[in-house]
Structure formats: C-alpha cells, structure tokens
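The values are calculated or read from the model by the stated rules, or taken from the named source; none is laboratory data. What you see is a predicted model, and the numbers here were worked out from it, not measured in a lab. Here the Cβ positions follow ideal geometry from the backbone for every residue, glycine too, while neighbour counts run over all protein chains shown.
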Amino acid sequence: MNLEFHCDDEIEKIIGHDIRNDTRIFLVQLKKSKRTVWIPLTHRRILSENLILDYYTRHNIKAADLPPISRQKRADDLFKFLSQVSNDELSLFARRFDNLNALPPSNMKALKHNLFHCVPLPVTGDIQMNKTEMANLRHKVLIEVCHERRNKQLTELQAKEWSLNLMSDNDEPIFLENNVDFAQFPEFKYVNHFVAGEGVHIQNTLPDDLGCGFDTPSNGTHTCDKKCICMVIFDVKPAYNKNGQMILNHGERIHECNKKCRCDDSCRFRVIQKKSQIPFLIFRCANGTGWGVKTLKPLPKGTYIGRYFGKVILWEEAESLPTSGGRRDYLFDIDYLIGDNGHCKYTVDAFDYGNFTRFINHSCSPNLVVHHAWINMLDDNLHDLAFFTSKSVDYGEELTFDYHKAFTNCKCSSYECIQRRS
Ligand SMILES: [Zn+2]
Ligand SMILES: [Zn+2]
Ligand SMILES: [Zn+2]
Ligand SMILES: [Zn+2]
C-alpha cells in the first residue's frame, strides 16, 4: 500500500479509513484523475479537518467507535509532521544562529514532554494549539532536527575529507568545513593532472636531448643556476628566486626543468611540479558564494599554491555548455595563445574532475595571480594554469583570484569591487 502522496491533484473526498502501523490512514479519491490513494492522518497539509469531519458525518462514525491510537504514537507522529523540512529550509532556519556550532543545546527530553501534552486529538488529528504555541513547538523541533542533521553532516564531511586526502598529492592535508548551512559537499573526481576530453590529445613526450645537464660529466652532480640551458632553449627568464618564489611579471611564460633534464628535485626551476607544502581549508562561505579555499599557513608573496586541473575540452565544447545553473562556473580558458578566431583552443572544465583549486573564489581585489606554465608539454595551446600569491597572505585568509568576467552581483565586497561597479 502506498502511503506517499506526491501529486498536484486535489482531494475530492475521503471514502475509507483504516489503521496501519498504529497510524490512522484515509483512502481518498482524487478530483481530476479519480484515482484513489491512502494518506496518513499526519499529512495535514493536504488532509483538511473539514474533509475528515465530512467523512465521519457521512458515515455516522463517532470517536468512540474508532480504535484508539496510543498517545505516544500520536506524539511521535506530530514530531514527524513538524520535522518535515528540506535542507534549504533548515539552512534558512539555522541562519538565525551565528553558525552551526552555535545552535541552542539539544533538549529532546523536554521536547518529548511538550509533544506528549499537546498531541493531536485521536479522531480528527486536530492539534489543540494556537499559532504562537505551534510556532514555539516547531522552533524546538527544528532545533532538534538541526542537531540530528549536523551530526550526520559532520560524519559525511569527515568521510569526504578522508577520501579527498587519499586522492590529493599535496604533502599537507586539505580540511573540509561547513559551519554555515546544510548544503552537501559536491561530488567530483579528485585529480592531480589534466584529463583529456573528447577530441583532445595531451602530448607529453619530449625529444631525448631536450633538457639541461648533458654538458656535465655523468659522474658529477648537475644543479641548475641562472645560466641553465633550459632558459636559453625556451627563451625565457628564470621564473623563481632562490627561495622558489615567483619573480616574473604577469603574462610572462614559466618554463620549468623537464623530465629529460639531469637535475634532481632540488633544482630551483622545479616548483609547480612538486607537491604542495601548504595545508588548505575548503570551507563553506557565509556570504553565499558557495565553497572557498583558505590557507592554514602564512604565505609570502610569490608562493606557489597549485595548478588548475580538470578535463581539457575544446573551446567550442565549453561554449556549448548551458549558461544557467552554474555549469560554467568551473571553466578556465587555457589562453596564452588567442587564435585568429578570437579565442583559445582549449578550456579546462573542473566540474566532474578537479582538485582543491576548483573552489577558489573570485575577488576584485585578489591575493592570487595565474601564470601560464610549461613542464613536459610543448604545445603552446596547452599549458598549466599555476596560481601564485600576488601579495603576502595571512594564516586563515581566503585565497582569491580575479575571474576577469563580468559580474552582475559580485559579493567580494572589496573597495575595488565598489569602484568597478560605479
Ligand atoms: Zn638546468
Ligand atoms: Zn632543465
Ligand atoms: Zn633543473
Ligand atoms: Zn567584486
């Protein structure tokens, strides 16, 4: 028997009644479809008191004739009825408290006592409370629902954090936090590299003699300095100082030593290819911008943060994605070169595949810049997008970059943002 009722058809009348699992249920006939369906008494949003009274009158049913339902059961049903709430509705309710760690304490015992003393009447299911009393009771019920969902949420976030760190190749952990609402952490596959989309070939084989160190004797150790032949081969300036911090101007190419070079990991021209040493926090933003990323370590200017990874798709495919529903929020053009057609060849789509950088938010006054970088790929149209700090960043500060898109309602609230709007 189907006790669920998800239909926009109206109820014409009640034509029967029964008790199942200690719940009073009614067989109703629908107006348009003439279908019949069983509905529990607790479904008071659609089962009005008038309908029930009409049914009892027509069939000359008296309260005393009906089999009793325990007061406890009716109290439980009332709790169930009052606790029907969606994630969004509950998030809205929780907003009246400072954050999800500042919920009023749970007091299930007092609430049960309350419910027990104002349970619906056994016959009509009518609740003997005025609006204020009802609102008070619902407030208490929702606090309990918040606690219940909060516990579930913390367990889920912990599990997500665990699986995310299994996949991430950062040396330091990535933490997850949501103290703001009951939104779920999005599903995506964590990757530490590009994934080739349809019609895309990621070429990363290099000619054997491309690289530095071939002039040094094989018994000597080769370390790269400012005169490294790689900088000559690719006609670029060294990108980093001896502390590994970015010293190029924005727009200048980064070329790192590659897999053919004879230098080791300690080479000063290997920075973005190494594992990150920064602990990050992916957190739920209170200002409605979704999730964001914070550093859990103070960072000097020029520090490498991470590379934007995801599925590499053709620009045309990116253009064909829906403009609504946030589907395009995870696109990042690989745009060192702009073709005669006015656009780049490839775009990174981090919706299904990505790493922690997919959560970095926009700001009109950002603390990160994106540099175009090459390591083992030689295609000018296919390069890494590497994030570096553009100023020193404090512990716990949110990391942001400028999306360079037109925002109708930017929420970054920086001084530059206000200037841009006016
Ligand atoms: Zn070298
Ligand atoms: Zn090299
Ligand atoms: Zn090197
Ligand atoms: Zn802004």
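Within the stretch 257-270, residues that are under 19 Å from Thr303 (Cβ atoms) and more than 8 Å from ligand 1 (Cβ to nearest atom) reach partners that are among the charged types (D, E, K, R) and assigned to a loop (DSSP other than H, G, I, E, B) with beta carbons closer than 7 Å, at six or more positions or on different chains, in the pairs Asp265/Lys274; Arg268/Lys242; Arg270/Glu256. A single member of Lys242, Lys189, Lys227 is exposed (fewer than 13 other Cβ atoms within 10 Å of the Cβ) and touching a Phe, Trp or Tyr at 6+ places or on another chain (Cβ under 8 Å), and it is Lys189. Summed over the stretch 187-198, residues that are assigned to a loop (DSSP other than H, G, I, E, B) and either at pLDDT 95 or above or among the polar types (S, T, N, Q) (or both) total 7.
Does Gly251 satisfy being more than 14 Å from ligand 2 (Cβ to nearest atom) and modelled with pLDDT under 90? Taking the combined requirement at face value, the residue satisfies it.
Per the listing Ile14, Ile39, the residue uniquely touching a Phe, Trp or Tyr at 6+ places or on another chain (Cβ under 9 Å), in a strand (DSSP E or B) and closer than 15 Å to Asp77 by Cβ is Ile39. Counting the residues of the stretch 270-289 that are within 16 Å of ligand 2 (Cβ to nearest atom) and either part of a strand (DSSP E or B) or in contact with a Pro (Cβ under 7 Å, 6 or more places away or on another chain) (or both) gives 0. Can you find a residue that is within 32 Å of the chain's Cα centre (by Cα), more than 11 Å from ligand 1 (Cβ to nearest atom) and assigned to a strand (DSSP E or B) anywhere in the stretch 199-221? No, the stretch 199-221 contains no residue that is within 32 Å of the chain's Cα centre (by Cα), more than 11 Å from ligand 1 (Cβ to nearest atom) and assigned to a strand (DSSP E or B). Only residues that are within 16 Å of ligand 2 (Cβ to nearest atom) and among the aromatic types (Phe, Trp, Tyr) were counted in the stretch 176-217, giving 1. When Thr323 is tested against (1) surrounded by fewer than 16 Cβ atoms within 10 Å (Cβ to Cβ); (2) in contact with a strand residue (DSSP E or B) (Cβ under 7 Å, 6 or more places away or on another chain), exactly one condition is not met: (2). With respect to (1) surrounded by 13 or more Cβ atoms within 10 Å (Cβ to Cβ); (2) free of Cβ contacts under 8 Å to residues at least 40 places away in the same chain; (3) in contact with an Asp or Glu (Cβ under 9 Å, 6 or more places away or on another chain), the lone exception for Phe81 is condition (3). Checking each residue in the stretch 230-248 for being more than 13 Å from ligand 2 (Cβ to nearest atom) and assigned to a loop (DSSP other than H, G, I, E, B) picks out Asp235, Lys237, Asn241, Lys242, Asn243, Gly244, Gln245, Ile247, Leu248. Being farther than 26 Å from Glu317 by Cα and either of a type in the set (Lys, Arg) or under 24 Å from the mean Cα position of the chain (by Cα) (or both) is a property that Glu416 lacks. Taken as a whole, the condition of being in a loop (DSSP other than H, G, I, E, B) and not small (Gly, Ala, Ser) does not apply to Glu161. With the requirement that a residue be more than 16 Å from ligand 3 (Cβ to nearest atom) and touching a strand residue (DSSP E or B) at 6+ places or on another chain (Cβ under 8 Å), what does the stretch 253-287 give you? If the condition is that a residue be more than 16 Å from ligand 3 (Cβ to nearest atom) and touching a strand residue (DSSP E or B) at 6+ places or on another chain (Cβ under 8 Å), then Arg253, Ser276, Ile278, Pro279, Phe280, Leu281, Ile282, Phe283, Arg284, Cys285 are the ones that fit.
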